[in-house]
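Just so it is clear, none of the values below were taken in a lab; they were calculated from the coordinates. In this text the structure is predicted, and so the values were computed from the model without any measurement. Glycine gets a Cβ as well: all are built from the backbone with ideal geometry, and neighbour counts include every protein chain shown.
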Amino acid sequence: MSKGWMYILECADGSYYTGSTKNLELRLAQHQAGEGANHTKKHLPVKLVYYEEFQRIDEAFYREKQVQGWSRKKKEALIAGMPEQLHQLAECLNETHYKNYNVVTDENINAVTERSHNAVTEESHNAVAERSRSTATGGFGSAQPPQPPQPPVLPRSLSEAEGSGVEGSTIQKQAEGR
């Protein structure tokens, strides 16, 4: 297999484009000529800000896909040559991150207490409503399993349908020849 490169271009609008190729010089010329990817065509000119060389193109492609999933800040750390920041920048920072669960503050305690109180109040309300429903239907001792709906009783013959007294029924119309 031939050598490969993973590269990052900075576009005219400041966005980054990450790609991979077998021939870096040719691919850069294609991007500059508007023959590259749709993103770079729309944001010319572009400049090469980072690249890595690999022994095989499939390794470069794998690295391209890895870097494409990174945040802008993480790509900037790679471009700036600060690999020590990559791990830190990859860390989840939202409120559900595991590190945020062990932080005990008055605000956290109050929020948990309020949620617990609301849950208990709702449970109590639901239990009272359930008891009211079961008492209204005869209590727990008279509870019956739900019965399946009964099919409608259909006439067995045309003469029964005529005598049914249901005006406008299909059977009655057929009997009257309409």
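All other residues whose Cβ lies under 14 angstrom from that of Leu24 are scored, Lys and Arg at +1 and Asp and Glu at -1, for a net of +1. The distance from the alpha carbon centre of region 1-31 to that of region 60-81 is 13 Å, rounded to a whole number. Test of understanding: extend the Cα→C-beta vector of Glu91 to 7 Å, then name every residue of region 53-81 with backbone N under 16 Å from that spot. Hits in region 53-81 for Glu91 at 16 Å: 74.
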